[in-house]
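The values are calculated or read from the model by the stated rules, or taken from the named source; none is laboratory data. If you're wondering where the values come from, they're calculated on a predicted model, not measured in any experiment. Here the Cβ positions follow ideal geometry from the backbone for every residue, glycine too, while neighbour counts run over all protein chains shown.
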Amino acid sequence: MNGKKILVTGGTGYIGSHTVVELQQAGYEVVIVDNLSNSEADVVDRITEITGNSPKFYKIDLTDSDALREVFVKEKDIFSAIHFAAFKAVGESVEKPLMYYRNNLNSLINLLDLSGEFKVKNVVFSSSCTVYGQPEKLPVTEQTPVIRPESPYGNTKRISEEVIQEFTIAHSGFNGIALRYFNPIGAHPSALIGELPRGVPNNLVPFVTQTAAGLRDQLKIFGDDYNTPDGTCIRDYINVVDLAKAHVAAISRQVNGKMRNSFEVFNLGTGQGASVLDIVKGFEKATGKKLNYTMAERRLGDVEQIYANASYAEKELNWKAEKTLEETLKSAWEWEKKLRNIE
Ligand code: NAD
Ligand code: UD1
């Protein structure tokens, strides 16, 4: 047990809940803050069922600075905050940009403000490969230029990284790590926690599992005329438990004082690109389920291909993705089955 206390904002969400499990299993004490705008309270019980250890939970909106202050007053000696809490639907952010800037930026500003006041010295931030747009050169390294993302959602990630970096400059001794996730998929092997999209899923894998479960008639593959080997888009799909473990590695870098700069960035991917058809075929192979799918028009705003060079995280965080695509797709299916009571 190292016992250090970690504040996890958005800790009942998809990636947050998996990270809470890994943190607890690594011996950290976890305090979750979430307003349940995109998650359910019973996730706390599910985490407890997996780890045998109940995380503290505050149902609080991070844009409410007074409410968040109460948490800092009650929870002394927070070592680091992992900041997952944000809205994340790309299409919705185009329709409601202010809602995204208000939630994602005000939450971060409140968190940093109170971190400064209560002498919390570290933050780990959920960023996204969306900050690279469609890169000219693949795979993407941390030196690949950041461009202005296409969506307000993506832009909140780019701006948040800058805000954290500027905060570290202004506050000597404060450390920030931005983790740029590629495409997180899959679920915990217990099938007790996983992704819970509300309404019709926008993302590929939840749409695939819901189609296999009979909730959706047919998967549409958005574009088969891209300049890729099979004509469909390529992404770097990373297992959510592997991703969660990278957060523990980032915290341990802060605990051990190993940061090279007060602000650091890491790409978190597998280093392997997979096409949409690879996902469809991989899912069928991993689960023995046939998927009803069809080719459709390209989706506006999609980049053709992106995948990570994951070597910097491997060298510096001593972390790499370990799970295969097939076992990850199987875990997504096991989660969906349990959710829908399918045998
Ligand atoms: P999620 O929606 O499952 O989790 C986010 C959590 O934050 C939810 O539980 C929600 O209730 C909470 N939340 C949102 N606004 C809040 C507020 N103002 N106050 C308190 N709680 C609030 O999303 P996720 O997939 O787990 O993503 C976590 C983070 O990772 C987000 O910042 C997201 O933008 C980022 N990210 C996700 C992906 C992905 O594909 N899932 C990819 C790149 C980056
Ligand atoms: C999207 C966001 C990205 C965000 C990520 C996680 C866009 C442009 N990008 O990534 O900023 O960080 O979600 O929330 O929205 N696909 C289909 N049929 C479907 C669904 C998806 O063919 O029904 C294809 C897409 O065209 C894409 C791939 O599957 O090629 C992955 O899509 P998705 O899961 O939505 O993730 P991204 O678009 O990569």
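Here are some notes:
- Any hit, segment 223-234, residues being within 18 Å of GLY186 (Cα to Cα) and within 24 Å of the chain's Cα centre (by Cα): yes
- Test: ALA250 is assigned to a helix (DSSP H, G or I), at pLDDT 95 or above and more than 16 Å from ligand 2 (Cβ to nearest atom): yes
- For first residues located in segment 177-194 and over 30 Å from GLN165 (Cβ atoms), partners that are charged (D, E, K, R) and surrounded by fewer than 22 Cβ atoms within 10 Å (Cβ to Cβ) and lie 6+ apart or on another chain with Cβ distances below 7 Å form the pairs ALA187/GLU334; ALA191/GLU334; ALA191/LYS338; LEU192/ARG46; LEU192/GLU49; ILE193/ARG46.
- Unmet criterion (only one of (1) without any contact (Cβ under 8 Å) to a residue 60 or more places away in the chain; (2) assigned to a helix (DSSP H, G or I); (3) closer than 27 Å to SER172 by Cα) for LEU23: (1)
- Contact map, segment 76-93: residues that are surrounded by fewer than 18 Cβ atoms within 10 Å (Cβ to Cβ) paired with residues that are at pLDDT 95 or above and of a type in the set (Lys, Arg), Cβ distance under 6 Å, separation 6+ or inter-chain. Pairs shown: ASP77/LYS5.
- As a summary of the residue check, MET259 satisfies the conditions (1) over 19 Å from MET295 (Cα atoms); (2) within 16 Å of ligand 1 (Cβ to nearest atom); (3) out of contact with any Ser or Thr (no Cβ under 6 Å at 6 or more places or on another chain) except for the one numbered (2).
- Qualifying residue in segment 57-68 (condition: within 16 Å of ligand 2 (Cβ to nearest atom) and touching an Asp or Glu at 6+ places or on another chain (Cβ under 9 Å)): no
Residues are listed down the side, and each one gets a yes or a no for (1) touching a Pro at 6+ places or on another chain (Cβ under 7 Å); (2) among the aliphatic types (A, V, I, L, M):
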residue	(1), (2)
ILE15	yes, yes
GLY27	no, no
ASN35	no, no
TYR58	no, no
VAL71	no, yes
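- None of GLY176, GLY214 is more than 12 Å from ligand 2 (Cβ to nearest atom), more than 15 Å from the chain's Cα centre (by Cα), farther than 22 Å from GLU40 by Cα and in a strand (DSSP E or B) except GLY176.
- Hits in segment 15-45 - residues which are within 16 Å of ligand 2 (Cβ to nearest atom) and surrounded by fewer than 24 Cβ atoms within 10 Å (Cβ to Cβ): ILE15, SER37, ASN38, SER39
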